[in-house]
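The values are calculated or read from the model by the stated rules, or taken from the named source; none is laboratory data. Computed from a predicted structure; not experimentally measured. Neighbour counts run over all protein chains shown; Cβ positions are idealised from the backbone, glycine included.
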């Protein structure tokens, strides 16, 4: 090959003998490739599951919290045999109609952020009214307990037993500290934990509501409370 006054000779005999380049692939490179493959597969599966969940929400116009409210509404109606029928107001009755509310030609979903299209026979406050009914029902079916042990309110109490320590509720809901003699209205519970509201003197505490989880072994049921002498909602559920 000539470049003006200079010339360069290139030996191509080695390329003719072995045209394929040699790429070293040792144990470390193999381990790194497997690690990268695992990350790629994990990300693909996670994003795929998230896509399925989001599409389910879009096709039903119903978030996971709203699905939970609807399930409790059906349980309430069945428990009291009221004969009413709960219709979720934001489900238009067709997956295609629900889909078109989110994916529009303009790129802007229907609704203004405050008022949304609702199903026939419902209004903007249908879901709110049902939530108020559920809260009232929860108060009626709550059970009164009295604290027999002090509890500091820590997330994983070591002094309350191994089972209590390892079965702490995996939730962002708070824990409430208890002192011996405190009264609590329990609304739901697990095998070793309960959730409820501490009963305060409204005049002395300014009407502050203190709700959260506490160990079941720290309380005992008030036997004299005949009006709410029934099992706690979810008491038989185990972790």
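Quick one: residue 58 ticks every box in (1) within 21 Å of the chain's Cα centre (by Cα); (2) closer than 20 Å to residue 126 by Cβ; (3) surrounded by 14 or more Cβ atoms within 10 Å (Cβ to Cβ) bar one, so which box is it?
The number of the failed condition is (2).
For region 76-115, enumerate the residues that are modelled with pLDDT under 90, assigned to a helix (DSSP H, G or I) and touching a helix residue (DSSP H, G or I) at 6+ places or on another chain (Cβ under 9 Å).
Residues satisfying the conditions are 76, 79, 80, 101, 102.
Pick from region 129-156 the residues that are part of a loop (DSSP other than H, G, I, E, B), touching a helix residue (DSSP H, G or I) at 6+ places or on another chain (Cβ under 7 Å) and modelled with pLDDT of 90 or more: which of them is surrounded by the most Cβ atoms within 10 Å (Cβ to Cβ)?
Once the filter is applied, the top-ranked residue is 149.
Just need a number here: residues in region 165-191 that are more than 21 Å from residue 141 (Cβ to Cβ) and either buried (at least 18 other Cβ atoms within 10 Å of the Cβ) or touching a residue at least 60 places away in the same chain (Cβ under 8 Å) (or both).
The number of residues fulfilling the criteria is 4.
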